[in-house]
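J.: Pasting a structure here, questions to come.
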Amino acid sequence: MKAVRLLPLILLLAAMAQAQDYLNCKFAPGWEQSGSRRQYTADNLFEYKDGGAEGYLIYGFAHMRGIDCKLGGDTLSIDVSEMGDADLAYGMFSANRDPGLPIAKIGMGGQIQRQSALFAKGKYFVELVDVAASADSDHTAEMKAFAAGIEQRIEGRSTAPEALQWFPQQDLTSTRLVPESVLGLRELKRGYVASYKQGQAFIVQEASPESAAEVLKKLRGRFDGASSAQVGDEAFQAKTQYLGGICIFRKGRTLAGYTNLPEPQGAASLAAQLAARIP
Amino acid sequence: MKQKTSCRDFLSAGMMIPVAGMSSKLGLWQPSGESASSAGSSPVKLDYRTLGRTGLKVTTMGFGCMITSDPSVITRAADLGINYFDTARGYQHGNNERMVAAALGARRKQVVLSTKSAAPDKDALLKELETSLRELNTDYVDIWYLHAKGSPAEVRDDMIEAQQLAKKQGKIRFAGVSTHGGQQQLLPWMAQKGVFDVVLAGYNFSMDSSMDQALQAAAKSGMGVVAMKVMAGGFRGPKPGDPVQDKLKQKGALLAALKWVINKPYVTTTIPSITDMDQLDEDMQSMSQPFSSSDNKLLAEHLEQIRPLYCRMCGKCDGACQKGLPVADMLRCLTYADGYRQFALARERFLELPPEKVAVRCGDCAECTVKCPHGVQVPERMARAQELFA
């Protein structure tokens, strides 16, 4: 009877142990744990990341668990942060990745370098940093081994956010999730931005077509000389001082558009292509 | 009912101030060729101070670039006349420096640009500086900070050598240290050391008066004082749903917090984190509006909410504890932990107390003899300190 009563607790502890199993120094041979595990919440992340903590908090940071592993003179720091949701975890990865390097297929996306690795899976953002290696040492193999071991033990989505597929792929240089004020505009609360060889595109999803229409109206009011454009359900284009030629449209509950182009007409033409890809 | 001006009245009045020259629509979204400041009915007012011994004239409101969502916000700030921009090598694994470089473009040499490195030794620091220069697309940075130091021991001689060497090589103009905690120890040490030109310190209205004195002394020694965490994020981290944070987010409250810092003559400039155009517009008002009694009231309301936690170090509780505990010192330890996020430092300071004081447990007293005139809940706070550190 007592064992039955304790069963939920045992299961809970087992689940917690499994969930934390990703903090393991044995994913690559020879590495040993150094010191105790660390844990931070939004309240005390400043202790660990100093001013950089703000960069986590805007992505809905909930908590971080970490561990240090040693091999000879090298110390590998592993930090696994739980973000607000999977999209925000991807956003954290996209904000921190090197835009000059390709994205590897680890979780929703990752990057492995000689002395560091980053990836996001589910609502988790994972950072590996070899903090004490000499500048010349190449730990790519270990980084891959650790990333693979951690990735296998983290639950959650392994596919990048669907909206990223809607961006035209030609001349695309990078994509990222912006957690607030997309394009520096408060009305565009959270969304995706794609950078191209020339210009950038964005996608923001509102709760309903009505709220999207309201936001579009407010945005249009910001731009002197805006004129209507034939894109999506409704659209406008304008030439602006800081975002260049722009075209912003609404399709259902989605707001999207192109900016930073020489002329608004060019932005409208590209926006039409983007609108065709949005379901 | 009528004789008293409410905060809401003040805020409404504040929103009517004619700042069309910097308003989002008139200032920002003009067709190319029209400058932001010429478009409106009144120009943006810029307020300058000299950054200590550097002699640099900087706007009292600078720009913290770390969480800015789009480079256009930084570009516009530079066009509006803001001339101090701050980033760090570590922000977003270097992406922030790239974004700042792209945003400033040809404006780079018209502004004061600072970055930071948290590298652990001289060689690593100098290597990171080279990376910063490359990513920022510049030959030099105006101020190069040793990033996030919490005590004199963390600022090693070889780090200072790195700064001096970089100065000689013309890669940096001035040397600084950024600090989030342990400022009461670090600032006097920096002032005495005499090799630092600028200090970047967390400072806001919720901090106790010892910080005022430490910063005044720093400024008096010739260092330029740059304030960060001016919106009180340094006292309590942003936490969704937290009523204190929610209150601070109400219209005008953040501006009041910024004006409070700018109102201090020993602070040269500030680097609020700015995410979008609207916040830039609001923060710009800090240079054209004086810190008013209404601002004071607004911040006092905010402080009222943290009053049970917040020791002003007035000394009125000295000798009041029947067990002889140094109440203010113990509460200060708690402030290190809760306010400045320096748990290790807090515990270290706590354990410096005599063992017989460390052993006292406030819960053992039937009644507390300490009554704080400012409303700090002394028994609860002391018990928390003992629970955390003893």
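Every number in this text was worked out from the coordinates using simple rules, so none of it is lab data. The model shown is predicted, which means the values in this text are computed figures rather than measured ones. Cβ: placed from backbone, ideal geometry, glycine included. Neighbour counts: every protein chain shown.
J.: Among the residues of the stretch A:199-243, count how many are in contact (Cβ under 8 Å) with a residue 60 or more places away in the chain and within 14 Å of chain B (Cβ to nearest Cβ).
T.: 4
J.: Return the residues of the stretch A:43-69 that are over 18 Å from the mean Cα position of the chain (by Cα) and at the interface with chain B (Cβ under 8 Å from one of its Cβ atoms); say none if nothing qualifies.
T.: Those that are over 18 Å from the mean Cα position of the chain (by Cα) and at the interface with chain B (Cβ under 8 Å from one of its Cβ atoms): A:Asp43, A:Asn44, A:Leu45, A:Phe46, A:Glu47, A:Asp50, A:Gly51.
J.: Another question, if that's okay. Restricting attention to the stretch B:56-76, and to residues there that are of a type in the set (Val, Ile, Thr) and in a loop (DSSP other than H, G, I, E, B), which single residue is farthest from the other protein chains (Cβ to nearest Cβ)?
T.: B:Thr60
J.: Within the stretch B:210-226, is there a residue that is closer than 28 Å to B:Leu303 by Cβ, β-branched (Val, Ile, Thr) and away from chain A (no Cβ under 14 Å)?
T.: yes
J.: Which of the residues spanning the stretch A:116-161 are part of a strand (DSSP E or B) and closer than 29 Å to B:Leu126 by Cβ?
T.: Hits for the stretch A:116-161 are A:Ser116, A:Ala117, A:Leu118, A:Glu127, A:Leu128, A:Val129, A:Asp130.
Each row is one residue, and each column tells you yes or no for (1) within 23 Å of A:Phe125 (Cβ to Cβ); (2) more than 9 Å from every other protein chain (Cβ to nearest Cβ); (3) in contact with a helix residue (DSSP H, G or I) (Cβ under 9 Å, 6 or more places away or on another chain).
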| site | (1), (2), (3) |
| --- | --- |
| B:Thr54 | no, yes, no |
| B:Ile82 | no, yes, yes |
| B:His93 | yes, no, yes |
| B:Met99 | yes, yes, yes |
| B:Gln110 | no, yes, yes |
| B:Thr115 | no, yes, yes |
| B:Asp121 | no, yes, yes |
| B:Lys127 | no, no, no |
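J.: To continue, here is another question. What single numbered condition from (1) under 22 Å from B:Thr50 (Cα atoms); (2) under 19 Å from the mean Cα position of the chain (by Cα) fails to hold for B:Val195?
T.: The single condition B:Val195 does not satisfy is (2).
J.: A follow-up question, please. Conditions first: (1) under 30 Å from A:Lys105 (Cα atoms); (2) buried (at least 16 other Cβ atoms within 10 Å of the Cβ); (3) within 10 Å of chain B (Cβ to nearest Cβ). A:Tyr196 passes all but one, so which condition is the exception?
T.: Failing condition for A:Tyr196: (3).
J.: Hey, another quick one. I'm told B:Val141 meets every condition in (1) more than 25 Å from the chain's Cα centre (by Cα); (2) more than 13 Å from chain A (Cβ to nearest Cβ); (3) not basic (Lys, Arg) except one. Can you identify the failing condition by its number?
T.: (1)
J.: Are there any strands (runs of 3 or more DSSP E) wholly within the stretch A:194-272 with 1 or more residues that are on the phi > 0 side of the Ramachandran plot, and if so which?
T.: The qualifying strands (runs of 3 or more DSSP E) are A:254-261.
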